[in-house]
1. Tell me yes or no: at least one residue of the stretch 180-189 is in a helix (DSSP H, G or I) and small (Gly, Ala, Ser).
2. Can you tell me how many residues in the stretch 90-117 are surrounded by 16 or more Cβ atoms within 10 Å (Cβ to Cβ) and among the charged types (D, E, K, R)?
3. Failed condition for ALA119, given (1) at pLDDT 90 or above; (2) within 20 Å of the chain's Cα centre (by Cα), with all others met?
4. Quick one: is ILE30 of a type in the set (A, V, I, L, M, F, W, C), part of a helix (DSSP H, G or I), surrounded by 20 or more Cβ atoms within 10 Å (Cβ to Cβ) and modelled with pLDDT of 85 or more?
5. Answer yes or no: is there a residue in the stretch 148-160 that is under 24 Å from the mean Cα position of the chain (by Cα), in a helix (DSSP H, G or I) and either at pLDDT below 95 or under 22 Å from ALA97 (Cβ atoms) (or both).
Amino acid sequence: MSEPFELTRLTVGDVLERTITLLRKTFSRIGLVFLFVALPAALFFGVVMDGFLSAIVSVAQSAGTAAGPLEVLLQLAGWIGFLFIAAVVLLTVEMIALVAMQIIVCGELVGRHIGTREAFDLTLSFRLWRALLQRILAELAVGLVIIIPYVGIVAAVMADMGAASVMLGVLAVVAGIYGVVYLKVRWAFGATTIAWEDQTVFGAFSRSSELVRGEALRTFAILALFAIMLAVFVSMIMSPLQLLLFKDLLFTGFDQARNVALQAQPDPLSILSGVGFLYGVILATSSLLTTTVKSIYLPVLYFDLRARRGEFDGE
């Protein structure tokens, strides 16, 4: 048994301090989850991205050759399909990591030591599929909130409403931004409630909304603060890989400049060749690093919100 944390209301400073403490205490277990799940997925995504970008170059270079347009389109469509599969795999891996890591962190908060194997066993059950479905439904809802206002703008423009269409457009954009932020904050703890409370898909939406009710502005401010800090942190961690990518792009650019100077035929698309793997790895690893840190501070905020609702007053 681990020493439980005091489940009480936290200040912003307490949330940050507790997140750092939990990172230190669960680092080895979370690191194993990242090693076994995230890294293979990042490498797989890099391979697919490299093939996709290389296919774009091949398609462009084959224009005007003997290769028929149908053959070219089929080649590109095949790699688009592979890229879609890779994105689905990455999303699934991201949810596995998010749920498993949150189970570990929530257990640490209540004084229960949950190992990596137990976290995987709990995750690779109905929890994973519930978390995936909840994430997909949430993103679809957010997408609708974004699309619907723009449909209204297009309709107003087509109806030739003049100044009214401009005003409607401004209001639609503002309403869309508010709607996206509102839903993101309201449903921020859906996966957390599935991971720790074993909620159903719709139960996760309801439970997360219940926790945030009355604390939405504070929750938004803390989530926004952590998002900024997380972006800086991930950027620093990924800097070595980004430098390697920029080095490859820079050298390719020098080669193109030399071809122009020598009056050779420049090939601007060749800049995509050879950087796809690294670019894909950077994208996937950045996303999974973000998920890893989120899996620590979201449970801290989750228990803070529960404490603010008085759920631990009798303990």
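The values are calculated or read from the model by the stated rules, or taken from the named source; none is laboratory data. None of the values given here were measured: they were computed from a predicted structure. Every residue, glycine among them, receives a Cβ derived from its backbone with ideal geometry; neighbour counts consider all protein chains shown.
1. No, the stretch 180-189 contains no residue that is in a helix (DSSP H, G or I) and small (Gly, Ala, Ser).
2. Matching residues across the stretch 90-117 total 2.
3. (2)
4. yes
5. Yes, the conditions are met somewhere in the stretch 148-160.
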